[in-house]
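The values are calculated or read from the model by the stated rules, or taken from the named source; none is laboratory data. Everything numeric here is computed off the predicted structure, so don't read it as measured data. So basically every Cβ, Gly included, is an ideal-geometry build from the backbone, and we count neighbours across all protein chains shown. Ligands, DNA and RNA are excluded from the accessible area calculation, which covers all protein heavy atoms including side chains. Shrake-Rupley method; radii C 1.70, N 1.55, O 1.52, S 1.80 Å.
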Amino acid sequence: MNWSQIRDKLRPLLPYWPAFIAGFVFLLGTIQLIRMDQTVREKFEGKRWRLPSQVYARPLELYQDAALSPADLELELKELGYYKASKVSQPGEYSLSDGEAVIYRRAFAFFEGQEDAVLINVRFSGRTIGSLTSNNGEELDLVRLDPLKIGGIYPSQKEDRKLVQLKDVPKSLIESLLAIEDRDFYDHFGVSIKGIFRASLSNMRAGRWVQGGSTLTQQLVKNFYLSSERSLKRKLVEAVYAVLLEVHYSKDEILETYINEIYLGQSGDNAIHGFGLASEFYFGRSLSRVSLDQAALLAALVNGPSIYNPMRYPERAKKRRDRVLELLLETKKIAKKDHDFAVKQIVKATPSRQWLTNRFPAYLDLVRRNLHRDYEQDDLAGEGLRVFTAFDPIAQIASEKAVEDFIKSQGKAGAALQVATVTVSESGEVLSIVGDKVSAYQGFNRALDAKRSIGSLAKPAVLLTALTSGKTLASQISDTPISVPLSKGKVWEPQNFDHTSHGDVSLLKMLTQSLNQATVRLGMEVGLPNVRETLRKLTGVKDFPLAPSMVLGAIDMSPFNVAGMYYTIFSGKLTGASGGLAVWSRVMGKVAHKSLTLKTPDSISYQWVDGQTGALSAADCLGVRYLPFTKRTAPSGTPGPCPVVEPVVDPTATGNPPASTSLFDWF
């Protein structure tokens with residue numbers, strides 16, 4: 001069959017071709033509409049947002065006799081973004097004067113449940129809390145401040161939001177939003193012809209673009225489903241999506257989703273979405289507590305968060321806010337007196353320091369490493385988990401300041417130095433971490449990953465090995481020159497720091513005076529394999545070299561590993577090299593603390609012994625020590641008479657300087 005024959009057969013059908021084409025187009029349109037309808041319903045009814053995990057510090061606990069100074073309390077409150085007020089009247093405010101603080105603690109959903117806002121009075125007694133009472137004078141046992149948000153684990157798009165329900169959104173914000181963005185929201189069907197006409201008229205009068213014709217539903221569609229492309233095709237698709245949304249869902253459902261979705265600013269790399277988070281970001285208060293002028297300002301931001309950023313352009317933001325208030329007055333949503341009062345309010349938006357992104361990178365690095373052992377990255381970055389840690393802002397800031405002061409004290413030499421610190425509580429919780437001399441540095445975390453020779457920090461492991469073998473703190477060991485044969489005919493001859501031998505000394509003196517010769521002799525006596533096994537138990541590290549120098553700390557460990565080691569044998573005392581002590585002394589001078597009191601086990605008894613010989617002694621003899629012993633190692637017999645001691649000669653009489661009484665002397 002040739003083409004002419006085919007044409008002759010199709011000629012009778014020519015009158016029906018327009019109907020065929022129209023039907024085909026209608027079929028394609030229907031299929032596309034079904035697909036769009038499915039897309040609308042799947043996202044709106046499914047998981048609408050990927051919520052980042054939020055990481056919080058420990059909530060500061062206030063109770064009578066708590067070790068806390070007024071300065072430290074104020075530091076914590078400032079970190080939390082509390083405002084200092086002459087008269088405390090609303091949550092998020094405090095006053096502090098003459099050893100007394102008044103705090104209006106904000107409401108917060110702690111890990112045990114929601115706690116309402118509460119007004120409390122704190123009286124100090126020196127560097128401790130003397131009393132804690134409610135506003136009506138009732139004594140309180142314990143009050144926790146809301147914890148500091150120290151960071152988050154974000155999805156790839158780095159969006160942050162705090163979901164709110166429509167019933168919790170103040171009426172003033174809803175009215176402000178509708179007045180400036182879509183006053184016919186409850187009357188149109190997704191697309192407002194009236195709104196488009198009104199916007200066009202306003203733009204022609206102004207001679208420039210001053211108002212858009214998109215409804216809230218269309219704006220939600222643009223943010224929720226489409227790209228930011230500017231084209232007629234996208235506007236048509238946007239209109240179809242908007243109508244489909246209105247068909248399936250109520251106005252209140254659409255409005256609530258819009259309130260949680262809209263972009264309202266930027267905090268570093270993270271985008272602020274939704275009015276719930278924006279109110280906390282700009283004003284430091286929950287959305288339910290924003291004032292009329294603040295609600296109007298939030299609504300004003302919708303048109304351009306960067307253009308009307310109240311922190312960068314307060315005058316521009318005020319002008320836009322006042323326009324919102326003017327519209328509220330025109331539509332009789334507010335009274336004239338309320339309008340006039342709100343217009344007089346200055347634009348005050350200052351995010352607290354907790355909104356500074358990655359401010360504590362070293363600690364967040366530790367949190368992430370631990371979380372990744374138990375959670376998938378998708379869960380951490382999208383399920384909105386709340387992670388409560390032991391992070392102590394007061395200890396962290398004190399550590400950072402101590403590191404900074406130490407580096408400055410070294411002058412030009414400080415440029416070549418590096419510092420890392422780890423602070424652990426007596427219960428084993430990590431309170432603070434500084435991973436670099438520049439505390440905000442987000443690169444190599446020296447606290448967790450930098451391994452260096454630990455030196456004299458290893459000596460307690462040698463002593464612990466000896467104690468478990470039956471020796472006591474009063475046992476004697478010779479601190480005289482020692483030679484240790486090595487491989488290939490080499491000999492190791494360690495010396496004391498002062499190049500002086502001290503004869504027979506107690507194990508207590510060996511440790512507290514860091515005597516190298518005595519420590520090496522003790523390590524060789526108890527056996528290097530046993531010392532290595534003790535180090536393994538203390539640290540969890542298994543690859544320590546079996547070498548004599550191990551007993552003097554010729555092993556590499558990170559500060560975090562050393563902190564774990566010392567927590568295991570925690571005694572409330574400090575040991576380490578002079579560099580570490582210099583930083584730690586500064587930290588301890590800045591943070592309120594109490595002495596550690598350990599419960600003595602029933603199997604341990606204390607005895608007075610001679611500090612030189614370890615023999616039982618009377619308590620009133622010179623040079624005696626009150627030392628712990630197990631029942632098996634306790635010295636027996638009757639204390640002998642006090643030895644005759646030659647009178648001490650004043651060292652200044654011979655021209656020698658007196659012994660130092662610095663922090664390092666005990667070491």
inquiry  = Applying a 10 Å radius around every beta-carbon, put 429-442, 605-618 in order of their mean neighbour count, most first.
reply    = 429-442, 605-618
task = Please work out the Cα center distance from segment 357-435 to segment 47-85, rounded to the nearest Å.
result = 16
query = Going down the list LYS509/LYS537; LYS318/LYS348; LYS167/LYS251; LYS235/LYS332; LYS412/LYS451; LYS87/LYS319, which pairs span over 21 Å between their C-alpha atoms?
reply = LYS509/LYS537; LYS235/LYS332; LYS412/LYS451; LYS87/LYS319
note = Amide H proximity to ARG285 below 5 Å, modelled H, separation 5+ or other chain, gives GLU280
ask   = Where a Cα-Cα gap under 21 Å defines reach, which lysines qualify for LYS631, not counting those fewer than 8 residues away within the same chain?
value = LYS471, LYS599
request  = Can you spot the aspartates and glutamates whose alpha carbon is less than 20 Å from LYS43's alpha carbon? Ignore those fewer than 8 places along the same chain.
outcome  = GLU159, ASP160, GLU238, GLU246, ASP252, GLU253, GLU256, GLU261, ASP378, ASP379, GLU383
note = The extension gain from SER288 to ALA618, computed as 0.36 nm times the residue separation minus the Cα-Cα distance, is 111.7 nm
remark   = Per its Cα gyration tensor (rounded if a/c is under 1.5, else prolate when a/b beats b/c, else oblate), segment 240-372 is best filed as oblate
Tensor-based shape of segment 471-561 (alpha-carbon gyration tensor, a/c under 1.5 rounded, otherwise prolate or oblate) = oblate
request  = Report in % the part of the accessible area of segment 361-464 that belongs to carbon and sulfur, leaving out ligands and nucleic acids; probe 1.4 Å.
outcome  = 49
message = Through the Karplus equation 6.51 cos²θ - 1.76 cosθ + 1.60, θ set to phi - 60°, convert the phi angles of segment 441-446 into ³J(HN,Hα) values in whole Hz; use x for Gly and Pro.
response = 5, 9, x, 4, 8, 5
request  = Enumerate the amide H contacts of PHE110 below 5 Å, restricted to partners 5 or more residues apart or on another chain; note that Pro and chain-start residues carry no placed amide H.
outcome  = GLU115
